[in-house]
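Working notes for the structure below.
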Amino acid sequence: MPTLDWLNRQSAFTTSARVPYRLLDQVSSHGDATKQKDNLLIQGDNLEALKALLPFNRGQVKCIFIDPPYNTKSAFEHYDDNLEHAQWLSMMLPRLQLLRELLRDDGSIWVTIDDNEGHYLKVLMDEVFGRGNFVANALWQKVYSERMDAVGFSNDHDHLLCFAKSKSFTVGRLAKSQNATQFKFVDESTGQPYRRRSLRKEGSESLRTDRPSMWYPITAPDGSDIYPVKPDGTEGRWRWMSETYDKDKAQTEFVNVKGVWEIYVKQFLNEAADRPPSTFWSNEEVGHNHEAKLEAQSFDKQSTFSTPKPERLLQRIIELSTNENDLVLDSFLGSGTTAAVAHKMRRRWIGIEMGDHAATHCLPRLQKVIDGEQGGISKAVGWGVAADGGEWAGGGFRFMRLGDAVFDEAGRINPAVRFATLAAFVWQQETGASFDAQAAKAGTPYLGTQYEINSCSRTDSLGKSTIEHLKTPKFACYLLYNGILGDKRPASGNVLTREVLAALLALHATTPEPEAPLLVYGEACRLGAERLKQANVTFKHIPYDVRGR
């Protein structure tokens with residue numbers, strides 16, 4: 001597969017591996033404390049923040065949307081959007097690598113970009129996500145009129161690149177309510193909105209010779225005969241046979257355009273089916289930049305974001321790629337639109353923003369969302385007062401900042417690291433997956449059991465073959481850290497002694513797989529190799545066997 005080459009390319013491919021893991025420190029909590037755990041607003045460099053999320057969210061994000069700097073050779077107040085081309089590629093590559101790690105197997109990533117870097121970004125994403133996982137390049141009409149001061153072409157669109165993590169991703173369909181703007185006519189007899197569709201067949205197999213039975217005259221209101229002749233004079237055909245037209249002609253209407261009769265079929269909104277998304281997204285359907293600026297200024301009159309994205313655009317993306325309670329991530333959060341829309345659509349979310357406006361812009365906007373603000377898509381998605389007229393549907397979130405490094409240059413563990421944090425790192429290191437605290441036993445060293453999945457084919461007595469998945473326990477993981485066992489000396493239970501081993505074996509007997517081997521992390525081991533073998537224990541040392549990169 002062809003690849004891009006640029007200055008410092010090789011170094012860029014290893015940047016994410018060299019980024020240190022950092023703690024996430026909670027600054028404040030907002031809204032309902034019982035519903036805020038998974039919603040995170042993080043202030044800090046997004047590369048370091050993405051790395052900090054890996055132990056806890058690897059493989060959990062259903063949809064990623066990012067609106068990175070476009071590298072347009074202009075100075076933005078909140079971003080350095082004047083990077084050299086090679087620098088821009090070196091900035092994007094490690095972030096895309098980490099974003100891919102955070103995606104679920106059935107997840108997708110959506111990136112807005114313009115022509116300055118759009119085509120290079122497509123090739124770069126081919127390399128990171130796999131060319132076979134490219135889904136679509138949608139064009140978003142970002143303005144509502146041409147720029148009269150443009151030199152040459154007026155740039156009216158942005159690209160929206162969509163890639164899947166794997167073939168497990170399926171893009172959704174658009175509900176007919178999302179198509180309502182096209183139904184701009186109203187039927188006088190029923191009051192139902194409808195759109196017009198030409199009765200003349202267009203596209204493939206649209207010639208008279210393709211379906212001769214669909215070439216026939218239809219009488220116009222002035223008594224003249226109308227045939228399905230194309231604008232270039234070619235003899236075409238109707239969509240319906242004459243019998244169908246006679247039966248359903250009440251659904252048609254005649255329109256005279258500059259002396260030429262057109263016949264249209266009325267398609268009513270209440271009869272429309274959900275439809276696949278088009279690769280052209282008009283500003284009528286999903287909004288434009290000016291609409292987005294007004295939305296931003298509605299919660300911050302001093303907002304100076306030059307290119308915010310409208311809430312309707314994010315609504316479309318989230319609707320096509322997620323369901324309620326799925327996790328949405330934006331690591332270039334900007335004015336906070338992605339998090340605001342995800343919250344209103346009852347998705348979990350993580351937003352990352354580097355500058356001070358994480359606190360001055362994003363935080364107050366999201367606070368207003370949980371308070372029930374009615375701008376943007378709020379009314380369209382039913383965000384606000386509950387059906388019974390009671391409380392606002394608020395939810396909550398936590399505001400976080402990047403803290404100290406988890407490991408120092410020598411690999412030593414920061415004393416500020418708590419048990420749950422180190423547990424996530426240990427579990428990720430051993431399994432390649434994010435730590436699931438629900439699968440562990442709270443208040444104990446048990447982190448969970450790792451399984452090996454094997455498939456085999458079986459044939460029954462009738463000759464039918466089926467595939468069976470065999471789930472074999474690989475090991476059960478335990479962490480002796482921060483005195484998790486209480487006061488079992490020495491070192492408050494952080495050292496594997498006979499007494500501590502007895503406690504672990506008693507705990508192991510209560511786990512789902514009591515026969516599984518034990519993998520134990522601790523500060524030291526005072527047992528001999530023979531005793532460890534007898535107990536089916538593999539011991540690893542903290543911090544030496546915990547990788548800090």
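Mind listing whichever residues of region 1-33 are among the β-branched types (Val, Ile, Thr), part of a loop (DSSP other than H, G, I, E, B) and assigned by TED's automatic domain parsing to the domain that holds PHE399? Of everything in region 1-33, those that are among the β-branched types (Val, Ile, Thr), part of a loop (DSSP other than H, G, I, E, B) and assigned by TED's automatic domain parsing to the domain that holds PHE399 turn out to be THR14, VAL19. Taking region 461-549 as the region of interest, the strands (runs of 3 or more DSSP E) fully inside it that hold 3 or more residues being modelled with pLDDT under 85 are 465-479.
If you go through region 33-69 and keep only what is of a type in the set (Gly, Ala, Ser) and over 15 Å from the mean Cα position of the chain (by Cα), you end up with ALA33, GLY44, ALA49, ALA52. LYS176 - would you say it is at pLDDT 95 or above and not aromatic (Phe, Trp, Tyr)? Judged against the criteria, LYS176 is not a match. In the set (1) at pLDDT below 90; (2) β-branched (Val, Ile, Thr); (3) within 25 Å of ASP115 (Cβ to Cβ), THR34 fails one condition alone, (3).
Could you say whether any residue in region 233-243 is within 42 Å of the chain's Cα centre (by Cα), more than 29 Å from GLN192 (Cα to Cα) and in contact (Cβ under 8 Å) with a residue 12 or more places away in the chain?
Looking through region 233-243, none of the residues is within 42 Å of the chain's Cα centre (by Cα), more than 29 Å from GLN192 (Cα to Cα) and in contact (Cβ under 8 Å) with a residue 12 or more places away in the chain.
Evaluation of PRO193 against the conditions (1) at pLDDT 85 or above; (2) on the phi > 0 side of the Ramachandran plot shows that the sole unmet condition is (2). Residues that are among the aromatic types (Phe, Trp, Tyr), over 26 Å from CYS63 (Cβ atoms) and free of Cβ contacts under 8 Å to residues at least 60 places away in the same chain within region 114-162 comprise just one, PHE153.
If you go through region 508-537 and keep only what is crowded, with 17+ Cβ neighbours inside 10 Å and either free of Cβ contacts under 8 Å to residues at least 24 places away in the same chain or not assigned by TED's automatic domain parsing to the domain that holds LEU422 (or both), you end up with just LEU532.
Scan region 368-395 for residues that are at pLDDT below 60 and within 17 Å of SER335 (Cβ to Cβ) and jot them down. Within region 368-395, none qualify.
Taking the conditions (1) closer than 19 Å to ALA342 by Cα; (2) at pLDDT 90 or above; (3) among the small types (Gly, Ala, Ser) in turn, ALA49 satisfies each one other than (1).
The values are calculated or read from the model by the stated rules, or taken from the named source; none is laboratory data. Nothing here was measured: the structure is a model prediction, and the numbers come from that model. All Cβ positions, even for glycine, are placed from backbone atoms using ideal geometry, and neighbour counts span all protein chains on display.
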